[in-house]
Amino acid sequence: MPSNRSVRLSDIAAIAGVSISTASKALNGGDRISAETRARVREVAERLDFQPNALARSFALGRSRTIGVLTYRATSTFAGPVLIGAVLQLGELQQASLVFDEDLLVPRQMTKSIRALQARRIDGLLVVGDGHERVSHSVTHHFGVPVTYAFAASDHPEDVVYLPDNEGAGRLATRHLVGVGATRIAHITGSRDSIAARLRERGMRAELEAAGLEQAGETRHGSWSHDWGAAAMSEMLDSGVEIDAVFCGNDHIGLGVLEVCAVRGLRVPADIAVVGVDNWEGVVLDQGIRRLTTVDLELQRLGRLAAADVLSPERAPGEHLVAPTLVLGPSS
C-alpha cells in the first residue's frame with residue numbers, strides 16, 4: 001500500500017479497477033460515469049487520503065481555480081474586513097486569489113490591472129470598493145467571467161453588487177432604543193453629503209414613525225469624529241432639548257457623547273441610552289471591556305457572500321444588501 005505522501009492517481013485507478021481517465025473523471029465530476037464507479041473511486045481516494053495536484057486538476061478542468069480581486073485602498077478601515085472575508089471564503093472553496101490594489105477611478109491604473117488579470121485566465125473577479133460614497137466604473141465588460149462588486153457601488157445597474165444595509169442599521173438601532181423604553185431619541189451623525197449618513201437617518205426616522213414617535217430635536221451633522229460627537233452633544237444639552245437616547249452615526253461619535261454624559265453627571269443608560277454604528281474593536285473596547293452598544297455592518301460576512309457569489313451558478317443582478325446585527329453594550 002503506498003504511503004499517503006506518494007499516492008498517485010494511477011494508484012487510485014489500479015485499486016478501484018478502472019482506467020486513469022475514469023478515475024480522473026470520477027474525482028473531478030466528469031460525465032458518463034456510473035454512480036457505482038464514481039462512489040468506488042472516491043471511497044478509495046478517501047481511504048488512501050489522496051491529495052490531487054491542484055495545478056494538474058486545473059489544467060484537466062480547463063480552469064485556473066483563481067479568482068482575481070481588484071481593490072481600492074485594500075488596507076482601509078472599511079475595505080480591510082471585506083477583503084479578509086472574501087479571501088477566507090475563497091480559501092475554504094479551494095480557490096486561489098490574486099489581489100491588485102488600484103484606484104478604480106484612474107483609467108491608466110485600471111487598464112494595467114485589467115490586462116494582468118486577463119492574462120492570468122481568472123475564473124471570476126471580485127471588485128472591492130470603499131462603500132456607498134464612491135461609485136466605481138464598471139469593469140464587467142472587460143471579462144468573460146463572472147464579476148461581483150463588494151462594498152463597491154457600480155455605475156452599471158446590471159452589475160451584481162453587495163453593500164451593507166445602512167438604512168437597516170438606522171432601523172435596528174432605533175428599534176432597540178424604542179424597545180428599552182426611549183421616547184425622545186436624538187441623532188448625531190456625519191456629513192450631510194454622506195450617503196451612509198443619509199441612509200442611517202432615513203432608517204431611524206422610518207422606525208420612529210412606525211413607533212408613533214417624533215425625533216428629539218434636529219439631526220446634527222458634522223464629522224465622523226469623537227470631538228464632533230462631544231461638541232454636538234454639549235450643544236444639544238445646552239439647547240434644552242429633552243432627550244433620553246442618542247443614535248450616533250458611528251462609534252467615534254458615540255464615544256464623544258459618552259464623554260459629555262460623564263462630565264455632566266448623566267447616567268448611561270439610566271438617563272440617556274447611546275447606540276453607535278460600526279463595531280470596531282479598537283474603538284468600542286477599552287482594555288477588552290465593551291463600552292458601547294453598536295450596530296455591526298457585517299463587512300467580513302459581506303466579503304464572504306460576494307466571494308461565494310462569484311462562483312455561484314445562480315447570480316442575480318442589482319444591489320444585494322447585507323443585514324446588520326446589534327451588538328449589546330453597557331450604553332443601552
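Per the listing A206, A245, the residue uniquely in the same structural domain as C261 (by TED's automatic domain parsing), within 22 Å of L292 (Cα to Cα) and within 32 Å of the chain's Cα centre (by Cα) is A245.
Just give me the residues in the range 227-239 being surrounded by fewer than 19 Cβ atoms within 10 Å (Cβ to Cβ) and of a type outside the set (D, E), in sequence order. Give the derivation first.
First, the residues of the range 227-239 that are surrounded by fewer than 19 Cβ atoms within 10 Å (Cβ to Cβ): 227, 231, 234-235, 237-239.
Once the filter is applied, which keeps residues that are surrounded by fewer than 19 Cβ atoms within 10 Å (Cβ to Cβ) and of a type outside the set (D, E), the range 227-239 yields A231, S234, L237, S239.
Consider L326 carefully, then state whether it is in contact (Cβ under 8 Å) with a residue 60 or more places away in the chain and among the aliphatic types (A, V, I, L, M). So L326 fits the description; yes. In the range 180-187 there is at least one residue matching the filter, namely being farther than 27 Å from P81 by Cβ, in contact with a strand residue (DSSP E or B) (Cβ under 7 Å, 6 or more places away or on another chain) and β-branched (V, I, T).
Please verify whether the range 157-166 includes one or more residues that are surrounded by fewer than 19 Cβ atoms within 10 Å (Cβ to Cβ) and either assigned to a strand (DSSP E or B) or in the same structural domain as I84 (by TED's automatic domain parsing) (or both). Steps first, please.
Within the range 157-166, the first condition is being surrounded by fewer than 19 Cβ atoms within 10 Å (Cβ to Cβ), and the residues that meet it are 157-158.
With either assigned to a strand (DSSP E or B) or in the same structural domain as I84 (by TED's automatic domain parsing) (or both) added as a condition, the list becomes 157-158.
Checked against the condition, which is being surrounded by fewer than 19 Cβ atoms within 10 Å (Cβ to Cβ) and either assigned to a strand (DSSP E or B) or in the same structural domain as I84 (by TED's automatic domain parsing) (or both), the range 157-166 yields at least one hit.
Restricting R175, R171, R202, R198 to residues that are assigned to a helix (DSSP H, G or I) and closer than 19 Å to I272 by Cβ narrows the list to R175. Taking the stated definitions as given, is G212 farther than 30 Å from S312 by Cβ and surrounded by fewer than 19 Cβ atoms within 10 Å (Cβ to Cβ)? Spelling it out, G212 is indeed farther than 30 Å from S312 by Cβ and surrounded by fewer than 19 Cβ atoms within 10 Å (Cβ to Cβ). For the range 267-282, the set of residues classified as touching a residue at least 24 places away in the same chain (Cβ under 8 Å) and surrounded by fewer than 22 Cβ atoms within 10 Å (Cβ to Cβ) consists of V268, P269, D271, A273, W280, listed by residue number.
Against the test of being surrounded by 15 or more Cβ atoms within 10 Å (Cβ to Cβ), touching a residue at least 12 places away in the same chain (Cβ under 8 Å) and outside the structural domain of E242 (by TED's automatic domain parsing), the options I195, I114, I188 yield a single qualifying residue, I114.
Does A169 fit the bill of being aliphatic (A, V, I, L, M), under 17 Å from T325 (Cβ atoms) and touching a strand residue (DSSP E or B) at 6+ places or on another chain (Cβ under 8 Å)?
The answer is yes for A169.
Apart from one condition, D103 fits all of (1) surrounded by fewer than 19 Cβ atoms within 10 Å (Cβ to Cβ); (2) part of a loop (DSSP other than H, G, I, E, B); (3) modelled with pLDDT of 95 or more; the exception is (3).
Can you go through R184, R134 and tell me which one is of a type in the set (D, E, K, R) and more than 23 Å from A74 (Cα to Cα)? Let's see the steps before the verdict.
Values: R134 fails: more than 23 Å from A74 (Cα to Cα).
Testing whether each residue is of a type in the set (D, E, K, R) and more than 23 Å from A74 (Cα to Cα) leaves just R184.
The values are calculated or read from the model by the stated rules, or taken from the named source; none is laboratory data. Since this is a predicted model, take the numbers as computed values, not measurements. Counting neighbours? That spans all protein chains shown, and the Cβs are built from the backbone with ideal geometry, glycine included.
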